[in-house]
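Worksheet: one structure, shown below.
The values are calculated or read from the model by the stated rules, or taken from the named source; none is laboratory data. As the structure is a prediction and not an experimental result, all values here were calculated from the model. In this analysis, Cβ positions are derived from the backbone assuming ideal geometry, glycine residues included, and neighbour counts consider all displayed protein chains.
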Amino acid sequence: MNSLKNGRRDRRFAPLAKHLFAAFGALVVSAMPVQAEVTRITGNPNAIILDGARVSADMETFYLSGQLPSPLDPAKPMSEVKSIEEMGDSKAQTISTLGKIKALLEKQGYSMSDLVKLSLFVAADPRTGKMDFAGVNEGFKQFFGTAQNPNTVARSTFQVAALVGPYFLIEIEAIAVKKKAGPSAMLNEQPAPAAVEGEESDKSLASAAYHRPHRYPAALRKKAIAV
């Protein structure tokens with residue numbers, strides 16, 4: 001009789017043991033040392049950009065659409081801009097565009113240090129007829145390789161005949177990555193199953209994540225235990 005009761009008790013606590021082991025396993029995984037998720041590759045330590053960046057599979061990626069600069073006067077809408085002087089030179093427009101990217105990143109929980117790749121589309125300044133690559137780099141260096149953001153990025157720069165408006169000198173696309181949520185975070189996001197009507201509660205098990213519902217009604221289980 002004792003062995004029969006012990007067998008029933010073991011079957012009752014088996015689901016709890018299973019979930020406790022699963023939770024313990026998640027804690028062990030989350031406590032393991034974090035490997036390098038982004039490897040920034042550079043052959044020249046004095047270069048302002050990377051040769052490339054290698055990203056591991058456990059990262060999430062944020063692709064930003066091409067961003068354009070804003071007028072020097074933040075109160076002026078683009079529809080009222082009538083000259084290149086109201087937008088600024090290539091350096092000023094680069095700073096404005098990267099400032100927009102910074103704001104978009106932060107809104108999504110990223111930072112400038114999470115950027116791994118930029119694509120720059122640069123038009124010639126109509127006042128000189130040439131692309132001001134030096135001015136673009138001066139604006140770029142205000143956001144990368146700084147005390148606030150010591151990282152830099154892989155980068156491509158293209159000279160284009162024109163951008164979407166006559167006074168735009170630069171457009172920038174960006175790619176940022178950051179580590180995905182860990183196993184413990186995903187475990188916390190899963191809702192507990194709804195309680196079964198008539199289910200017996202056990203205060204000693206209140207700390208468990210949840211109980212697996214029995215396949216039989218409570219009344220039948222009580223009869224079985226009483227036998």
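Structure data summary
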item: Only listed residue being surrounded by 15 or more Cβ atoms within 10 Å (Cβ to Cβ), among the small types (Gly, Ala, Ser) and more than 19 Å from the chain's Cα centre (by Cα), chosen from Gly139, Gly99, Gly129; result: Gly139
item: Near pairs, Cβ below 6 angstrom, 6+ apart or cross-chain, from the range 52-75 (in the same structural domain as Glu173 (by TED's automatic domain parsing)) to any residue that is outside any strand (DSSP E or B) and aromatic (Phe, Trp, Tyr); result: Phe62/Tyr110; Leu68/Phe168
item: Residue pairs meeting the criteria (Cβ under 9 Å; at least 6 apart or on separate chains; first aromatic (Phe, Trp, Tyr), in the range 104-115; second modelled with pLDDT of 95 or more); result: Tyr110/Phe62; Tyr110/Leu104; Tyr110/Ala176; Tyr110/Val177; Tyr110/Lys178
